[in-house]
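Data block below; observations after.
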Amino acid sequence: MQNFGSNNDLDEKGNVMTEQPKIKVKFEPKPKQSSCPICTVEYYQQFFDIEQRDVYMRIRCSLLSWKPEFYQCVGKNPDLWGPLWISTTIIFILFAGGNLSRFLLEENKKHFKYEYNYMYVAVFIVYAMAFIIPIILGIIMKYILKSELGVFDIVCMYGYSLSVYMFVLILCIIPYNEAQWFFLMCGLANSTIFLLVNLWDFMKKNKQTALIAIPIISFNVALILSFKFYFFRLIYAVDD
Amino acid sequence: MDYTNQKNPQNYSQMEDLKTLDLEESVSETIMRDLKMIAYKLKYVLIPKEQEDNGKELRNWDLWGPLIFCLALAMTLSFKADSTTNSSKSDVFAIIFVLIWVGAFVVTLNAQLLGGKVSFFQSVCLLGYCVFPINIEAIIIAFIGSYLPFVVKLIPVIICFAWSAYSSVGFMASLVPPHKKKLAVYPVFLFYLFLSWFSLIV
């Protein structure tokens with residue numbers, strides 16, 4: 001019976017070779033050449049390679065801001081989970097807490113009007129502080145001032161520096177002027193000291209690098225002023 | 001094809017068989033069938049006892065259900081919003097709509113970045129279906145909220161928020177490795193907290 005289907009050849013003695021040499025074809029998918037590696041999701045996966053225990057330790061490092069331990073916590077593994085969700089939590093607290101604070105002050109509760117603009121302003125201010133400003137500072141530090149720290153290290157540090165505000169802004173719901181200023185000042189001190197202490201090694205190199213302290217301090221001050229004068233402003237009824 | 005199950009499909013695959021009959025039936029029949037599919041999935045997602053196969057039913061994701069619940073929530077809240085706020089109805093509608101879709105997108109992206117191997121739309125579908133309890137609480141508060149003191153209004157809000165969060169947390173937590181569960185679950189909690197807060201204040 002002729003077997004048309006198989007490739008059986010005859011060897012030198014005329015016997016049918018039933019086993020053909022098997023050619024192994026190794027399929028290797030070609031790596032996708034992306035024109036913009038920073039735009040892919042895979043690039044950012046390296047920044048989410050942390051565990052819940054790590055996040056807890058990093059927030060603790062930022063709250064105990066006078067100890068320059070942040071780099072021991074972070075190591076070579078800056079993350080973006082912390083900055084993203086800490087800033088989103090702060091946006092929620094500003095939106096809900098800011099309106100709640102005004103509501104507590106309002107004498108005639110039925111006439112209270114909820115301010116939805118708080119949402120847009122909070123998103124703009126907090127994400128600018130958590131991402132845009134550290135990216136710009138990081139680029140300046142890395143490419144102009146020749147720092148060893150990468151851009152994402154700075155973004156990670158800024159994100160965790162905002163963690164103190166999660167607690168401070170909840171306390172700011174209390175509608176007393178002096179209390180709000182006190183809590184905001186504590187938050188400002190904690191956040192600024194955290195950033196300066198951890199960048200101290202970089203800043204003490206020369207006069208130029210020391211100048212980086214000026215934008216750091218001024219942006220933090222601008223942040224708490226915006227918190228106080230927009231979200232937690234106390235409007236007193238004027239007696240005519 | 002089993003025509004005896006045409007009127008009362010017992011499971012999703014039988015519903016799939018019926019799709020070939022689309023062109024031969026009236027519009028109302030098609031719509032009713034789609035609504036039944038949404039109701040079936042809703043029951044599956046929100047009542048944990050139904051999930052005997054560990055969430056495999058969710059592979060048949062659809063975005064109609066999430067869209068309906070999102071529109072219903074946005075319309076309920078914007079309907080009520082006009083009388084109590086400085087912003088117009090359209091502002092509230094836009095905020096809710098964008099919040100739900102962008103929120104679902106970001107929460108799913110977060111789970112994927114943490115190493116979760118899940119289809120993107122499957123997760124968005126689940127998060128959208130779990131918005132249904134928030135819908136219920138928004139309707140309750142919109143219609144009888146003005147007659148109730150604040151503390152009494154909190155009760156349905158907390159119950160519905162807990163229900164939404166509990167339904168979706170099981171799925172989200174199963175996507176990521178054990179040491180990252182809380183990192184995947186916290187954004188879900190924050191998402192439903194945002195939506196619950198909106199339904200409370202409007």
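Observations on the structure shown:
- Residues satisfying the stated conditions in the range B:153-202, i.e. aromatic (Phe, Trp, Tyr) and open to solvent by 60 Å² or more (accessible area, probe 1.4 Å): B:TRP163, B:TYR166, B:TYR186, B:PHE189
- Within the range B:182-192, the residues that satisfy the criterion of being within 7 Å of chain A (Cβ to nearest Cβ) and either touching a residue at least 12 places away in the same chain (Cβ under 8 Å) or charged (D, E, K, R) (or both) are B:LYS182, B:LEU183, B:PRO187.
- On inspection, B:PHE121 qualifies as within 18 Å of B:LYS41 (Cβ to Cβ), open to solvent by 20 Å² or more (accessible area, probe 1.4 Å) and either in contact with a strand residue (DSSP E or B) (Cβ under 6 Å, 6 or more places away or on another chain) or in a helix (DSSP H, G or I) (or both).
- For A:ILE59, the requirement of being out of contact with any Phe, Trp or Tyr (no Cβ under 7 Å at 6 or more places or on another chain), among the β-branched types (Val, Ile, Thr) and part of a helix (DSSP H, G or I) is not met.
- Restricting attention to the range B:122-146, the residues being among the hydrophobic types (A, V, I, L, M, F, W, C) and under 17 Å from B:PHE97 (Cα atoms) number 11.
- Some residue of the range A:165-185 being aromatic (Phe, Trp, Tyr), outside any helix (DSSP H, G or I) and either open to solvent by less than 70 Å² (accessible area, probe 1.4 Å) or in contact with a Pro (Cβ under 9 Å, 6 or more places away or on another chain) (or both): no
- Cross-chain or 6+ apart pairs with Cβ under 9 Å, the range A:38-56 first and more than 9 Å from every other protein chain (Cβ to nearest Cβ) and of a type in the set (Ser, Thr, Tyr), then open to solvent by less than 70 Å² (accessible area, probe 1.4 Å) and in a loop (DSSP other than H, G, I, E, B): A:THR40/A:SER34; A:TYR43/A:SER34
- The set of residues in the range B:185-202 that are at pLDDT below 90 and either under 18 Å from A:ILE86 (Cα atoms) or among the small types (Gly, Ala, Ser) (or both) contains only B:SER199.
- Just so you know, in the range A:102-142 the residues that are closer than 20 Å to B:LEU200 by Cβ, in contact with a Phe, Trp or Tyr (Cβ under 6 Å, 6 or more places away or on another chain) and touching a residue at least 60 places away in the same chain (Cβ under 8 Å) include one that is surrounded by the most Cβ atoms within 10 Å (Cβ to Cβ), and it is A:ALA122.
- Scoring B:LEU58 on the criteria (1) open to solvent by 40 Å² or more (accessible area, probe 1.4 Å); (2) at pLDDT below 85 leaves a single failure, condition (1).
- Conditions (1) touching a helix residue (DSSP H, G or I) at 6+ places or on another chain (Cβ under 8 Å); (2) over 27 Å from A:SER101 (Cβ atoms): number failed by A:PHE227: (2)
- Cross-chain or 6+ apart pairs with Cβ under 7 Å, the range A:215-232 first and open to solvent by less than 40 Å² (accessible area, probe 1.4 Å), then not in a helix (DSSP H, G or I) and not aliphatic (A, V, I, L, M): A:PHE232/A:CYS172
- Restricting the range B:167-181 to residues that are more than 12 Å from chain A (Cβ to nearest Cβ) and touching a residue at least 24 places away in the same chain (Cβ under 8 Å), the residue that is farthest from B:ASN110 (Cα to Cα): B:SER167
- Residue list for the range A:57-92, restricted to those being within 12 Å of another protein chain (Cβ to nearest Cβ) and out of contact with any Cys (no Cβ under 9 Å at 6 or more places or on another chain): A:TRP81, A:LEU84, A:TRP85, A:ILE86, A:SER87, A:THR88, A:THR89, A:ILE90, A:ILE91, A:PHE92
- Residue that is within 14 Å of another protein chain (Cβ to nearest Cβ) and more than 16 Å from the chain's Cα centre (by Cα), where the choices are B:ILE140, B:ILE201: B:ILE201
- Selection count, the range A:93-122, where residues are more than 11 Å from chain B (Cβ to nearest Cβ) and of a type in the set (Lys, Arg): 1
- Of all residues in the range B:129-137, one or more are farther than 30 Å from A:TRP81 by Cα and touching a residue at least 60 places away in the same chain (Cβ under 8 Å).
The values are calculated or read from the model by the stated rules, or taken from the named source; none is laboratory data. All figures in this text were calculated on a predicted structure; none of them were measured in a lab. Because the Cβ atoms are built from the backbone with ideal geometry, glycine has one as well, and the counts that use them run over all protein chains shown. Calculation scope for accessible area: heavy atoms of the full protein, side chains included, ligands and nucleic acids excluded. Shrake-Rupley method; radii C 1.70, N 1.55, O 1.52, S 1.80 Å.
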